[in-house]
Amino acid sequence: MIRELINDQDTAFSKNAIASKKPKMQAYMKNKFPYYGLPSPIRKEVSKPYLKELVAGNFDIEKVVKLLWQKPEREWQYLAQDYLVKCHKQWQPKHLKLFKHLTTTKSWWDTVDMIATNLVGALLLKYPELKSKMNDWNKADDLWLNRVSILYQLKYREATDIDRLFEYCKNHANSKEFFHQKAIGWALRELAKREPKLVVNFVKSNNLAILSEREALKHLNVKS
């Protein structure tokens, strides 16, 4: 049944693909992944009936997601993420392991940032006892796991664990990696909307990369 739905979705994706969009979409992602050529609004509209059936089927979440994730075109990974969000009521602590697999497989910012905020971040709000797992992710020898650990609280607002965020930023403050530097700046910039003085003090007290510092202070009247 699952494979039949996937085959039907494949037909729908192919039928609605816009050939002229394909090379542009692939180039935007540095040609790391093939695409059908489906802009997001069209992909979401085409996927609606199949997502509805997948959710209604009450299938094993991990099995469905891994089947979708292994497909070559990038639209399948987006579909897997949309499916996970729709199944959020069925999430359990064990699904953090699945989210880790998705973070470290076919990794690029377009999927990883969504995993950080909409999957990992939401799961840890539901099961706060899992927060300590982010210590391992922050120290892992994988930049994408590091990035998730820095960004997972991006939508937490007042619930942000500031000490944890600062610690994770400090751990990668000297990194030359763009995706570390950008994540640190992004996370601090979001926190600065509520705690500008804390962010300014943190930036001034730590030797952050120029990119991180600039991003963190972007909307504050402070010179980097």
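Per-structure values
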{"item": "Selected from Gly37, Asn118, Phe13, residue furthest toward positive end of dipole (segment 1-145; charges at beta carbon)", "result": "Gly37"}
{"item": "Charge dipole magnitude, Cβ of K and R +1, D and E -1 - segment 1-56, Cα centre, debye nearest 20", "result": "380"}
{"item": "1.4 Å probe accessible area per residue over the chain, in Å²", "result": "52"}
{"item": "Solvent-accessible ranking of Val65, Val55, largest area first, probe 1.4 Å", "result": "Val55, Val65"}
{"item": "Gyration tensor (alpha-carbon) shape descriptor, segment 137-216, a/c threshold 1.5", "result": "oblate"}
{"item": "Structure-based [θ]222 nm, the chain - -39500 (n - 2.57) summed over DSSP H runs of at least 4, per residue, nearest 500", "result": "-18500 deg cm²/dmol"}
{"item": "Unit charges at the beta carbon, dipole of the chain: most positive-side option, Val55, His180, Ala27", "result": "Ala27"}
{"item": "Point-charge dipole on Cβ atoms (K/R +1, D/E -1) for the chain, about Cα centre, debye to 20", "result": "440"}
{"item": "Over 26 Å between alpha carbons, listed pairs Lys15/Lys44; Lys100/Lys218; Lys44/Lys71", "result": "Lys100/Lys218"}
{"item": "Given [x] 38, 26, 14; [y] 28, 19, 17; [z] 34, 20, 14, the label whose value is semi-axes √(5λ) of the Cα gyration tensor in Å derived from this model", "result": "[z]"}
{"item": "Within the chain, longest stretch free of exposed trypsin sites (Lys or Arg not before Pro) [DSSP loop, at most 13 other beta carbons within 10 Å]", "result": "95-175"}
{"item": "Within the accessible area of segment 111-224 (1.4 Å probe), percent carbon and sulfur", "result": "48"}
{"item": "Cross-link pairs beyond the 21 Å C-alpha cut-off, checked among Lys139/Lys193; Lys48/Lys126; Lys94/Lys182; Lys30/Lys182; Lys22/Lys63; Lys170/Lys197", "result": "Lys139/Lys193; Lys48/Lys126; Lys94/Lys182; Lys22/Lys63"}
{"item": "Largest to smallest accessible area among Tyr35, Tyr50 [probe 1.4 Å]", "result": "Tyr50, Tyr35"}
{"item": "Whether segment 44-132 is rounded, prolate or oblate, judged on the alpha carbon gyration tensor where a/c under 1.5 counts as rounded", "result": "oblate"}
{"item": "Size of electric dipole in segment 152-224: Cβ of Lys, Arg +1 and of Asp, Glu -1, about Cα centre, debye, nearest 20", "result": "260"}
{"item": "With every protein chain in place, segment 9-50: carbon and sulfur % of accessible area (1.4 Å)", "result": "56"}
{"item": "Length released on extending from Asp60 to Thr105, taking residue separation times 0.36 nm less the Cα-Cα span", "result": "14.2 nm"}
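The values are calculated or read from the model by the stated rules, or taken from the named source; none is laboratory data. Computed from a prediction, not measured in an experiment: that's the story for all the values here. Ideal geometry is used to build each Cβ from the backbone, glycine not excepted, and the neighbour counts take in all protein chains shown. Accessible surface areas use protein heavy atoms only, side chains included; no ligands, DNA or RNA. Shrake-Rupley method; radii C 1.70, N 1.55, O 1.52, S 1.80 Å.
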